[in-house]
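Below is one structure; the comments refer to it alone.
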Amino acid sequence: REIKLRNYDPEDEELKKRKMPPAKPPSVEDKVKEQLEAAKPEPIIDEVDLANLAPRKPDWDLKRDVAKKLEKLEKRTQRAIAELIRERLKGQGEELASAVGSAKQEGSDSD
């Protein structure tokens with residue numbers, strides 16, 4: 001094997017021939033540029049439509065949390081509406097009956 005002197009500065013002429021030239025450090029800028037280029041992701045989509053990324057209804061989670069309460073309220077509302085309709089029909093039924101009765105009386109007078 002041949003002796004290579006890297007850090008030692010010999011005084012002997014014969015050993016000075018075996019001394020290696022000082023090493024130049026590699027350029028850090030080049031390595032950093034290469035790493036940055038390698039880290040850049042290639043764009044898959046050129047244009048991104050923000051409307052497609054945003055949720056369609058931003059309050060969907062609020063609706064989900066309130067859904068059970070709304071079901072109960074909906075049932076109660078339907079019952080109340082049905083009861084009001086029944087009361088109106090009863091009131092109209094009495095009015096209809098009295099109107100029919102009065103029409104019969106007026107019709108019998110004309111005979």
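Residues whose amide H falls under 5 Å from that of LYS19, counting only those 5 or more places apart or on a different chain, are LEU5, with hydrogens built in the peptide plane. Straight Cα distances below 30 angstrom link LYS33 to the lysines LYS24, with same-chain residues fewer than 8 positions distant left out.
Bear in mind that the values in this text are calculations on the coordinates, not laboratory data. From a predicted model like this one, the values you see are computed outputs, not experimental measurements.
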